[in-house]
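The values are calculated or read from the model by the stated rules, or taken from the named source; none is laboratory data. Just so it is clear, the model here is predicted, and its values are computed rather than measured. As a convention, Cβ positions derive from the backbone with ideal geometry for all residues, glycine included, and neighbour counts pool all protein chains shown. When the accessible area is computed, the model is the full protein with side chains, heavy atoms only, and any ligands, DNA or RNA have been set aside. Shrake-Rupley method; radii C 1.70, N 1.55, O 1.52, S 1.80 Å.
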Amino acid sequence: METIFDACYLIFDLITGILSFVYKKGNPLFVLYGVLTLTLRGGDALHLVPRIKRALYGTNDKIKRQLGIGLQVSSITMTVFYIILLFIWKFTFPTLQAPLWVEAMIWISTIIRIVVCFLPQNNWTSEEGNRKLSVIRNVVVAVTGIGVILLYAISGNMYDLHMNRMVAAILISFGCYILVTLWSKTKPKIGLLMISKTCAYMWVIVMGLQLLF
């Protein structure tokens with residue numbers, strides 16, 4: 001079931017990203033949504049495809065290494081995902097000005113997160129990983145998420161676009177992601193929350209589709 005869900009998610013992202021470019025109508029907002037979707041899909045694919053292979057054919061050292069590298073890349077692309085959401089907010093609500101401290105919080109935490117993700121001490125390809133750096137990475141990206149949440153809370157339901165729903169989608173994705181990161185190794189079943197996290201990402205993408213069509 002996980003394999004089917006992962007495959008459907010990757011296909012959904014690919015189709016949605018292509019649609020955003022095909023029907024962009026010269027609007028940079030839809031170009032951004034296309035970039036957002038394909039960035040998310042590209043990073044997740046490097047992590048999910050090895051998971052699909054592991055489920056179908058079993059595990060080996062090569063797949064373990066692919067999973068580790070995929071996790072590193074998806075951690076970085078997830079961070080970039082929120083930066084793109086910042087620009088989407090600016091293009092969606094051009095009459096609003098993001099508070100300087102909120103934008104600074106987003107950018108600074110993003111840079112810190114990406115730098116930490118590149119540290120070799122993360123031991124991405126090792127099953128043990130590095131719990132201390134894992135906590136640091138997730139605390140920092142939580143700050144990024146809070147900043148983006150604040151922006152969409154400020155804009156609310158402006159222009160009747162219902163983009164205030166972005167607040168709920170981000171909260172769900174972060175809540176599930178952090179719980180899985182902290183406790184999945186000791187309580188494997190909690191890993192099922194990644195499905196809810198992925199569905200929250202799909203919800204974010206659907207919000208872009210509603211603007212497009």
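Helices meeting the span-like rule in the chain (full DSSP H runs, Cα extent of at least 18 Å along the helix axis, mean Kyte-Doolittle score of 1.0 or higher): 2-22, 100-118, 131-155, 165-183, 193-212.
Keeping the other protein chains in place, figure out the carbon and sulfur percent of the accessible area of the range 1-60, with a 1.4 Å probe.
Of all accessible area on the range 1-60, carbon and sulfur atoms account for 71 percent.
The share of accessible area on the range 89-132 that comes from carbon and sulfur is 68 percent, using a 1.4 angstrom probe. Surface composition of the range 141-213: carbon plus sulfur atoms contribute 72% of the solvent-accessible area (1.4 Å probe, protein chains only, all chains present).
Work through the residues other than Phe5 whose Cβ is under 13 Å from its Cβ and net out their charges, Lys, Arg +1 and Asp, Glu -1.
Numbers: positive: Arg51, Lys197; negative: Glu2, Asp6, Asp13, Asp44.
Charge balance near Phe5 sits at -2.
Model label sites at Gln97 and Met158, defined 7 Å from Cα along the beta-carbon direction, differ in position by 1.2 nm. Per residue, the solvent-accessible area of the chain (1.4 Å probe, heavy atoms of protein chains only, all protein chains present) comes to 51 Å².
Taking 0.36 nm per intervening residue step and subtracting the Cα-Cα distance, what contour gain separates Leu192 from Ile11 on full extension?
That pair, Leu192 and Ile11, stretches by 63.1 nm at full extension.
Students often get this wrong: which residues of the range 52-68 have the backbone nitrogen under 15 Å from the point 7 angstrom along Cα-to-C-beta of Ser126? Answer for this model: 65, 68. With semi-axes defined as the square roots of five times the eigenvalues of the C-alpha gyration tensor, the equivalent ellipsoid of the chain measures 29, 21, 15 Å, largest first.
More than 16 angstrom separation, counting every C-alpha pair in the range 39-138; what % is that?
63
Report, in debye and to the nearest 20, how large the dipole of the chain comes out about its Cα centre when Lys and Arg carry +1 and Asp and Glu carry -1 on their Cβ. Don't jump to the answer; show the numbers that get you there.
On the way: 19 positive and 9 negative charges, 88 e Å.
About 420 debye.
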